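Okay, so here's the structure we're looking at.
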Amino acid sequence: MKAYRAALLRFADDDTPVYDADGLLVVGPDAQGRRVVRAAGDHATLIGNYPGVAVEDLRGKLIAPGFVDMHVHYPQTDVIGAPAAGLLPWLENYTFPHESRFYEPAHAREVADFFLDELARQGVTTALTFATSHPASVDAVFEAARSRGLRFITGKVLQDRHSPDGVRDETEQSLIDTEALIQRWHGVDRLGYAITPRFAPTSTPAQLRGAGVLATKYPDVWIQSHVAENRDEVRWAAELFPDARSYLGVYGDFGLLRERAVYAHCLHLDTTDRELMASTGTVAAVSPTSNLFLGSGFFDYMAADAAGMRYGLASDVGGGTSFSPFHTMLAAYCVGREGQTKTGLSLTPGQLWWQHTAGAARALGLEGVVGNLQPGHEADFVVLDPQATPLLARKTSQANSLDELLFALIVLGDDRVVERTVVAGG
Ligand code: GUN
Ligand code: ZN
């Protein structure tokens, strides 16, 4: 066992933040040998229960749950910051050419290693990421994640039409490859597989049908895709699937809406769509830096809450402009204000932080596993330095409440704040 003394942030069952100014986090093996949180709370109250346990003194720092990125594309690490008129030209001119190189295992592994190092530098300990259509891209990132001990989810992209040579796959083979990858990787150590149709316009009905069959056969495997990000894309989906009630409805028609199904964006939905997401347990990966960068639109938090939809935060790199959860939380705050000018409400710092940790974990079906530092959770956490820059030191020293402290970090923070990222108790 090992313990850490620092300020400590975690979340209560009602999703509100719990803060110990002088906290103790105790990490050790559980009955299965996994390194988990054994105790978390006030130092003075807990310390007597752990005689002889080594305590690392990190007073002045803040220990918080590792961040959970609900939607990111590891093969788009080098696409970040590519300008385009909108989603569809961005895909054609930048994304597909970059992704076409991932048939090569050595290239895939080099990018995967850089990507996972970057996630760690930014404080992200779990991600649901797209690979590319090449099975080698999945093996490369799973191998890299496994060697780091990460809880990590990815899958081979399915895209058998409206895609250029080099990224387009073949219907039957793509489904055979997907099932083989599920059997090779899902449930190995902390890894999970996601069935990954890119988005409805780049899959034939036969490929979506096959994906739905696999989603039923393997109910604890994830599903990830994109929906209703951009108006041109929504129009295109309607032309291609004239019988569907809506773009989201296409996925429903093929059995791709269920628990553990994660759809990026969800901007241009209607009330029926949102209710369908809620009733099927399908969740949204809200990607505000991407939506602002590609001019896609604004996630409607109030409508999502009214429908009872679950959601959490995501970087969506390379459409997104930053791997930093702090940048994503700040962008979400700004987007939240857009929808909430009528009521004057906005997202609180605690809500934003929850959406990128415990809330994201819940949306992924990993509640109680990651995203929080309550006893029993896997010990993935970050050590943050509230004094990382002169301005942060000045601002956080004036914080009179937890909200003010968290908000200073959200608005001014980035990778400089992340002093250490600990995976599975280190
Ligand atoms: N829709 C289909 N593919 C993509 C992608 O790679 N990024 C984003 N942001 N949207 C998509
Ligand atoms: Zn995406």
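The values are calculated or read from the model by the stated rules, or taken from the named source; none is laboratory data. These figures come from a predicted structure and were not determined experimentally. Ideal geometry is used to build each Cβ from the backbone, glycine not excepted, and the neighbour counts take in all protein chains shown.
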| task | For segment 131-165, name all the residues that are touching a Gly at 6+ places or on another chain (Cβ under 7 Å) and in a strand (DSSP E or B). | result | I153
| task | Could you tell me whether any residue of segment 172-190 is within 15 Å of ligand 1 (Cβ to nearest atom), among the small types (G, A, S) and surrounded by 19 or more Cβ atoms within 10 Å (Cβ to Cβ)? | result | no
| note | Scanning segment 19-33 residue by residue, those surrounded by fewer than 20 Cβ atoms within 10 Å (Cβ to Cβ) and closer than 23 Å to P349 by Cα turn out to be Y19, A21, D22
| request: Residues being farther than 11 Å from N372 by Cα and not small (G, A, S): count how many of those fall in segment 9-33. | output: 12
| message | Just to be sure before I move on: is L91 modelled with pLDDT of 95 or more, more than 16 Å from ligand 1 (Cβ to nearest atom) and under 29 Å from the mean Cα position of the chain (by Cα) in the structure I sent? | response | no
| field | Among (1) at pLDDT 95 or above; (2) more than 16 Å from ligand 1 (Cβ to nearest atom); (3) aliphatic (A, V, I, L, M); (4) surrounded by fewer than 24 Cβ atoms within 10 Å (Cβ to Cβ) - the single one L267 does not satisfy | value | (2)
| Can Q351 be described as buried (at least 23 other Cβ atoms within 10 Å of the Cβ), farther than 27 Å from K2 by Cα and at pLDDT 95 or above? | no
| task | Identify all residues within segment 384-408 that are buried (at least 20 other Cβ atoms within 10 Å of the Cβ) and either farther than 19 Å from P65 by Cα or touching a Leu at 6+ places or on another chain (Cβ under 7 Å) (or both); write none if there are none. | result | L384, P386, L392, T396, A408
| query | How many residues, within segment 99-130, are farther than 20 Å from A424 by Cα, within 22 Å of the chain's Cα centre (by Cα) and either free of Cβ contacts under 8 Å to residues at least 24 places away in the same chain or assigned to a strand (DSSP E or B) (or both)? | reply | 2
| Quick one: what pairs do we get from segment 230-245, first residue part of a helix (DSSP H, G or I), second within 11 Å of ligand 1 (Cβ to nearest atom), C-beta under 6 Å, 6+ apart or different chains? | D232/L88; E233/L87; V234/A228; W236/P201; A237/A200; A237/P201; L240/P201
| Does L267 satisfy being among the aliphatic types (A, V, I, L, M), within 15 Å of ligand 2 (Cβ to nearest atom) and in a loop (DSSP other than H, G, I, E, B)? | yes
| request: State whether one or more residues within segment 5-24 are assigned to a strand (DSSP E or B) and of a type in the set (F, W, Y). | output: yes
| message | Kindly evaluate N291 against the criterion of being surrounded by 19 or more Cβ atoms within 10 Å (Cβ to Cβ), part of a helix (DSSP H, G or I), in contact with a strand residue (DSSP E or B) (Cβ under 9 Å, 6 or more places away or on another chain) and not basic (K, R). | response | yes
| Which numbered condition A303 misses (of (1) farther than 29 Å from P205 by Cα; (2) within 16 Å of ligand 1 (Cβ to nearest atom); (3) of a type in the set (G, A, S)) | (2)
| note | Going through segment 301-329 in order, the residues found to be β-branched (V, I, T) and in contact with a strand residue (DSSP E or B) (Cβ under 6 Å, 6 or more places away or on another chain) are V317, T328
| query | Within segment 54-79, can you find the residues that are surrounded by fewer than 17 Cβ atoms within 10 Å (Cβ to Cβ) and within 26 Å of A140 (Cβ to Cβ)? | reply | D78
| remark: Given the conditions (1) modelled with pLDDT of 95 or more; (2) more than 16 Å from ligand 2 (Cβ to nearest atom), every one holds for F323 apart from (2)
| Number of the exception - Y50 against (1) more than 17 Å from the chain's Cα centre (by Cα); (2) within 12 Å of ligand 1 (Cβ to nearest atom); (3) aromatic (F, W, Y) | (2)
| field | Test: residue in segment 61-70 that is over 20 Å from P164 (Cβ atoms), assigned to a helix (DSSP H, G or I) and modelled with pLDDT of 95 or more | value | no
| field | Filter result for the condition that a residue is under 22 Å from A131 (Cβ atoms) and buried (at least 20 other Cβ atoms within 10 Å of the Cβ), over G336, G318 | value | G318
